[in-house]
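Read-outs: derived from the displayed coordinates by stated rules, not from any lab. None of the values given here were measured: they were computed from a predicted structure. Cβ atoms come from the backbone with ideal geometry, glycine included; neighbour counts cover every protein chain shown.
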Amino acid sequence: MAQYTLGNYILDTGQPRAEVLAAILKDDSINEELFYAANKVKTEQYGNLVFVRGIIEFSNYCRCLCAYCGINARMKDAVRYRMAPDELVEAAVDTAKVYRTVILQSGEDCYYTAEMLAGIVRRIKEKAQCAVTLSIGERSLEEYRIMKQAGADRFLLKHETANAALYQSLHGVPLEGRLDAQRRIKGLGFELGGGFMVGLPGQTDEILAQDLLTLVREGVDMAGIGPFIAHPDTPLRGSADGNAHKTLKVLALARLLLPKCHLPSTTALNVKGGMKNALLCGANVIMQKATPYEYRKLYDIYPGRDAKDIPLREQYEELKEKLAELNLTAE
Ligand code: 5AD
């Protein structure tokens, strides 16, 4: 536990106070100090290493109604795809030749039963030496258990916003359901990845402080923190996008509160040009797209996501060069 003095504020990471976090988020005069402290903590924990993961978005079918998301169940014009299990295993094994962790992400698509997902994970693990992270949404304890027993190592499920009223208005279901799912995942021994969006319509600095405290309370091992980006086909069209600078402040605070937490420079933040800054403000992870090219454009959760058709290995080499310019090394 540490105490940080940032301008006039004292942040006690043993007993972080929501009022202090919100005040720091409002006050831009302390940003340099905040970013410096976050980078120092990150460097103490991880040195110059950046963990690079490959993410395969294997289905954009989704039963959910998240108001911000371009693949939600109501998006009638979305062109839907699903990768067949064999195709997914093959793509994952190829990805594992370049990256040590493969993330399998999809909409909440119950076409894939727990047994199917378990089979996919098992086959990947037999053929490749890699960690497998699942990011497939809410399932029952029994279903999560089947996936865990098949060898899945980590699970990403963000809380998205810690404000109960805002969560309910965006998702049409209560926040408790999401938190319960996170607790089932953590209880089974998965490494848990949480996270939330910054700049959602109606969100305040006080809510962001609650978001940060939620990460601490739920004991996340990873947290994806990215700016909200308005999708033109969703009910949130026309809303202002989340601010990249505010996102960096939230990220930096997450690093101070959770020194060992894996914090990616999220794709949404990269879309806003923030990757380099994120890596200097506390982030220690990058997720590289490994979705087969023909599906990338269809995984349209928010606009601006790149769909460059370059081989994984080349993409990795390009990234390594970018990292070297920042004195960072890909792991
Ligand atoms: N803007 C930013 N992030 C979004 N996500 C979904 N839709 C948006 C959006 N419009 C994020 C959510 C989700 C992850 C897969 O993508 O945080 O957990």
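From the set of residues in the stretch 215-231 that are within 15 Å of the ligand (Cβ to nearest atom), assigned to a loop (DSSP other than H, G, I, E, B) and of a type outside the set (Phe, Trp, Tyr), which is surrounded by the most Cβ atoms within 10 Å (Cβ to Cβ)? Filtering the stretch 215-231 for residues that are within 15 Å of the ligand (Cβ to nearest atom), assigned to a loop (DSSP other than H, G, I, E, B) and of a type outside the set (Phe, Trp, Tyr), the one surrounded by the most Cβ atoms within 10 Å (Cβ to Cβ) comes out as Val220. When the stretch 217-241 is filtered for residues that are of a type in the set (A, V, I, L, M) and more than 23 Å from Gly202 (Cα to Cα), the ones remaining, listed by number, are Val220, Met222. Report whether or not Leu179 is crowded, with 24+ Cβ neighbours inside 10 Å and over 20 Å from Met287 (Cα atoms). Taking the combined requirement at face value, the residue does not satisfy it.
Rundown of residues vs (1) among the hydroxyl-bearing types (Ser, Thr, Tyr); (2) more than 15 Å from Ala290 (Cβ to Cβ), yes/no style:
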residue	(1), (2)
Thr43	yes, yes
Arg63	no, yes
Tyr68	yes, yes
Met83	no, no
Asp94	no, no
Val102	no, no
Tyr112	yes, yes
Val121	no, yes
Gln129	no, yes
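Among the residues making up the stretch 246-270, those that are in a helix (DSSP H, G or I) and within 16 Å of the ligand (Cβ to nearest atom) are Lys246, Thr247, Leu248, Val250, Leu251, Ala254, Thr267, Ala268, Leu269, Asn270.
Is it the case that Thr266 is touching an Asp or Glu at 6+ places or on another chain (Cβ under 9 Å), crowded, with 20+ Cβ neighbours inside 10 Å and either free of Cβ contacts under 8 Å to residues at least 60 places away in the same chain or β-branched (Val, Ile, Thr) (or both)? Judged against the criteria, Thr266 is not a match. So, of the residues in the stretch 288-331 that are surrounded by 13 or more Cβ atoms within 10 Å (Cβ to Cβ) and basic (Lys, Arg), which turns out to be farthest from Pro85 (Cα to Cα)? My answer is Lys322.
What's the total number of residues in the stretch 232-245 that are part of a helix (DSSP H, G or I) and surrounded by fewer than 17 Cβ atoms within 10 Å (Cβ to Cβ)? Full working, then the answer.
So in the stretch 232-245, the residues part of a helix (DSSP H, G or I) come out as 244-245.
From the residues that got through so far, the ones that are surrounded by fewer than 17 Cβ atoms within 10 Å (Cβ to Cβ) too are 245.
Qualifying residue count, the stretch 232-245: 1.
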